[in-house]
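Structure record follows, encoded as structure tokens.
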Amino acid sequence: MAVASEMADFTFMEQDAKMFVNAPFVIAENDADNSSAEYQAKETGNVCATGSEKEIFTEIRNLVSILPANNEDDMSYSECEDDLNNICIYIDIFAVYTLFLLSMISDDSFYMEMKKDYAPEMVTAFIRLNGATVGCVANRSEVYTDGEKTATYDAALTAAGCEKAAAFVNFCNAFEIPVLTLVNVDGYKNCKCNEKAAARLTYAFANADVPKVTVVVGKANGTAGLTMNSKSIGSDIVYAWKNAKIGVMEAAPAVKIMYADEITKADNAAALINEKAAQYNEMQASALAAAKRGYVDDIIEASETRQRVAAAFEMLFTKRED
């Protein structure tokens, strides 16, 4: 039955339940905690959510209510009563905290995160937009609870985060659910299996033929930025906030490579690096520079994100790919 649970699209686990293939007393190295709900949610990523029986049933009802009946007969649409032209004031300050960001974009602030305890630096969630269910993949750098910062993560792709996002995108693609990607990533975290995991996420985005919209809300540097549903791998529409940075790498290290001889000979190397970095950001790594090269379709005001994304998905509603 433990194996069967992994064959499901979504698995919920009661907080006092146990799940294992090899019981703790069978293998000497096994710890009893390895079968707990908390371990399965945080460490293995086998469980989408945990809680009391009542909480789990509520979560399941919410999930079933927003999902299509099947991959062909889509009953996941409802009448949108929320204003699609809502201006999201101060949304730009939440670029690092995706929960607030997505809730401001979503109809009536609806937000349902999947596997929130596993690889929390990568967010996979469902929102409602113009009455339709949309799957969201986003980078997360900070977490706040009651106004206090409680966790900080590197703006980097991890193996676990990529695997989590790839599985989510594949599910959305199978059930014709549009995908929204919010990008704020600076590179890759040093960990095992990054190459394989990043390749799977890149393929999942490139292979998906559902409507795909991407918004660069922070950084999109290097191949990590490319992997996050960029124009290069098939995103239908790519928007960028005005202050977004899109480039091969950060300005300072790029300048040190490009102007190595000048920096070595300079009387004030720090000042030269700062000067060249400012030029690099403007000419090579700005949202405007990316738009000129065709990597971005439009540069938008952060406060207009909801209406621009809603309009993009409405335009893409009849998208078909053979």
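The values are calculated or read from the model by the stated rules, or taken from the named source; none is laboratory data. Computed from a predicted model, the values in this text were never measured in an experiment. Positions of Cβ are backbone-derived with ideal geometry, glycine not excepted, and every protein chain shown enters the neighbour counts. When the accessible area is computed, the model is the full protein with side chains, heavy atoms only, and any ligands, DNA or RNA have been set aside. Shrake-Rupley method; radii C 1.70, N 1.55, O 1.52, S 1.80 Å.
Show which aspartates and glutamates lie in cross-link reach of LYS276 when reach means a straight Cα distance below 18 angstrom and same-chain residues fewer than eight apart are skipped. Leaving aside aspartates and glutamates fewer than 8 places away in the same chain, those within reach of LYS276 are GLU250, ASP261, GLU262, ASP267.
For the pairs LYS189/LYS231; LYS196/LYS231; LYS42/LYS212; LYS42/LYS319; LYS265/LYS292, note any where the Cα-Cα span goes beyond 31 Å.
Working: LYS189/LYS231 23 Å; LYS196/LYS231 21 Å; LYS42/LYS212 29 Å; LYS42/LYS319 37 Å; LYS265/LYS292 34 Å.
Beyond 31 Å: LYS42/LYS319; LYS265/LYS292.
A Gaussian network model of the chain, with springs between Cα atoms under 10 Å, assigns the largest mean-square fluctuation among ASP297, ASP261, ASP186 to ASP261. Given +1 at the Cβ of Lys and Arg, -1 at the Cβ of Asp and Glu and no other charges, the dipole of segment 216-261 around its Cα centre is 120 debye to the nearest 20.
Percent antiparallel among DSSP beta bridges with both residues in the chain, to the nearest 5? Roughly 40 percent of the beta bridges in the chain run antiparallel, per DSSP. Remark: segment 114-123, residue by residue, has Karplus-estimated 3J(HN,Hα) of 9, 6, 5, 8, 9, 6, x, 6, 10, 9 Hz, where x stands for each Gly or Pro and the curve is 6.51 cos²θ - 1.76 cosθ + 1.60 at θ = phi - 60°.
Between GLU72 and ASP261, the simple spin-label model (points 7 angstrom out along Cα→Cβ) gives 6.7 nm.
Rounded to the nearest 0.05, what FRET efficiency do ASN207 and ALA8 have when you use their Cβ-Cβ distance and R0 = 25 Å? Given R0 = 25 Å and the Cβ-Cβ separation, E is 0.70. Here segment 1-151 is assigned +1 on the Cβ of each Lys and Arg and -1 on the Cβ of each Asp and Glu. Its dipole about the Cα centre then comes out at about 240 debye.
Rounded to the nearest 10 degrees, the angle from helix 194-207 to the longest Cα principal axis of the chain is 80 degrees. The string of couplings for segment 277-286 from the Karplus curve (6.51, -1.76, 1.60, θ = phi - 60°) is 5, 5, 5, 4, 4, 6, 8, 10, 10, 7 Hz, one whole number per residue in order, with x for Gly and Pro. Selection among GLN279, ASN22, ILE263 by position relative to the dipole of the chain gives ILE263 as farthest towards the positive end (Cβ unit charges, Cα centre). For segment 251-322, the carbon plus sulfur part of the accessible surface works out to 50%, probe radius 1.4 Å. Across the options ILE56, ASN184, GLY131, the greatest Cα extent toward the positive end of the charge dipole of the chain (unit charges at beta carbon of Lys, Arg, Asp, Glu) belongs to ASN184. Summing charges over neighbours of MET249, with a neighbour being any other residue whose Cβ is under 14 Å away from its Cβ, gives +2 when K and R count +1 and D and E count -1. In the chain, the longest principal axis of the Cα atoms and the axis of helix 305-315 are about 70 degrees apart. Across the options ASN85, ASN221, MET114, the greatest Cα extent toward the positive end of the charge dipole of the chain (unit charges at beta carbon of Lys, Arg, Asp, Glu) belongs to ASN221.
Looking at the calculated P(r) for the chain, what percent of the C-alpha pair distances fall above 26 Å? Everything past 26 Å amounts to 51 percent. Just checking the listed ones, GLU38, GLU59, GLU275: in the Gaussian network model of the chain with Cα springs under 10 Å, the one fluctuating most is GLU275.
Among the chymotrypsin sites (Phe, Trp or Tyr not before Pro) within segment 213-322, those in coil by DSSP and having at most 16 neighbouring Cβ atoms inside 10 Å are PHE317. Can you work out the PRE-style zone for ARG61? Point 7 Å along Cα to Cβ, and I want the residues of segment 78-112 with backbone N under 18 Å. Hits in segment 78-112 for ARG61 at 18 Å: 110-112. First measure r as the distance between the Cβ atoms of ARG293 and ALA174, then evaluate 1/(1 + (r/R0)^6) with R0 = 35 Å and state the FRET efficiency to the nearest 0.05. FRET efficiency, ARG293 to ALA174: 0.60.
For LEU129, nonlocal amide neighbours, meaning residues 5 or more places apart or on other chains whose placed amide H falls under 5 Å from its own, are ASP107, VAL134. Compared with the dominant principal axis of the Cα atoms in the chain, helix 159-174 is inclined by about 70°. For the pair VAL21 and ILE87, label points projected 7 Å from Cα toward Cβ lie 5.6 nm apart. Where is the GNM fluctuation largest for the chain (alpha-carbon springs, 10 angstrom cutoff): LYS42, LYS116, LYS149? Among LYS42, LYS116, LYS149, the largest GNM mean-square fluctuation belongs to LYS149. Think of each Lys and Arg Cβ as +1 and each Asp and Glu Cβ as -1; about the Cα centre, that makes the dipole of the chain roughly 1080 debye.
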